[in-house]
Amino acid sequence: MIQEAKHLIESRTVIRPSIAVVLGSGLGAFADELVDQVAIPYSSLPGWPVSTAIGHAGKLVIGKLGNLDLAVMAGRAHLYEGNTPAQVVYGVRVLHSLGVRSIVFTNAAGGINLALERGGLVLISDHINLQCCNPLVGPNDDSLGPRFPDMSEAYSREYREIARQVAAELGIPISEGVYAAMLGPCYETPAEIRYLRTIGADVVGMSTVVETIAANHMGMKVLGISCVTNMAAGILPQKIHHEEVLEAGAMVRDTLVRLLKALLPRLVEQGDGGLQSAG
Ligand code: HPA
């Protein structure tokens, strides 16, 4: 299946990206920035799970950002939609087969750390997997990566440093914190948020972690950026609505586009992303 999807994509464009961005809820606008782009709906890619979440476009866009060859996943599959972990990481596996070696995951997240504010950006320094599943369970494909992959730097320290630097140059405030991944689809209870704060989480969401595990297993370098779309349950005296999550995504969209446009070329210059893969 992966090979079929790879060949279909390669037949549609001559652009061969070594870096990709995955856009979270309400953050799909960045895909419009690509020129010479081909947009392939997930529904026409063999094996690719179709995203049903509102606010997710559901297409793979390959094009150029300035001189940079780039792949953008506008929309992603979530576990809470009923997808298996293998389905959730399918897109990342196809991107890897295309030669992508650097990947930036963006997501919408609830702010747990009281120093955070709605509309703020957070670089993910690490994660806590509370989704009770792992995409590497089952026989290991030794050609992709080791049986027991190291996760002590799941989110590249070098990429985080570059991101902090680029954000500072652009005057964009950005903090850094630990992302806790919950299965969803309900938002957390206030007691769960107090628990997550106690165990060291700064933001909470329902995505990114299984993809980051699969990407690390395959030796890809990962950067994660959370957009704080709401303060987590129980912090403010109001309920959480998906609409406010999408609204905040729209608020931060322009800032995120500005950051990504400056940041992505710098990641490729600095990191392994600049090397073309053999496979
Ligand atoms: N919790 C979990 N996922 C989320 C949240 C939240 O508060 N906001 C956006 N995604």
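What follows draws every value from the coordinates through simple rules; no lab data is involved. Computed from a predicted structure; not experimentally measured. In this analysis, Cβ positions are derived from the backbone assuming ideal geometry, glycine residues included, and neighbour counts consider all displayed protein chains.
Brief remarks follow.
- Value of [θ]222 nm, deg cm²/dmol, for the chain, DSSP H segments ≥ 4, -39500 (n - 2.57) each, nearest 500: -9500 deg cm²/dmol
- Annotated for the chain: lysine pairs at least 8 residues apart or interchain, Cα distance under 28 Å, count 9.
- Put a plus charge on the Cβ of each Lys and Arg, a minus charge on the Cβ of each Asp and Glu, and nothing anywhere else: the dipole of the stretch 53-152 about its Cα centre is then about 260 debye.
- Neighbour-count ranking [beta-carbon atoms within 10 angstrom, fewest first] of K239, K64: K239, K64
- Taking only alpha carbon atoms, the chain gives an Rg to Rh ratio of 0.94, where Rh is the Kirkwood radius.
- Expressed to the nearest 5 percent, the antiparallel share of DSSP beta bridges inside the chain is 35 percent.
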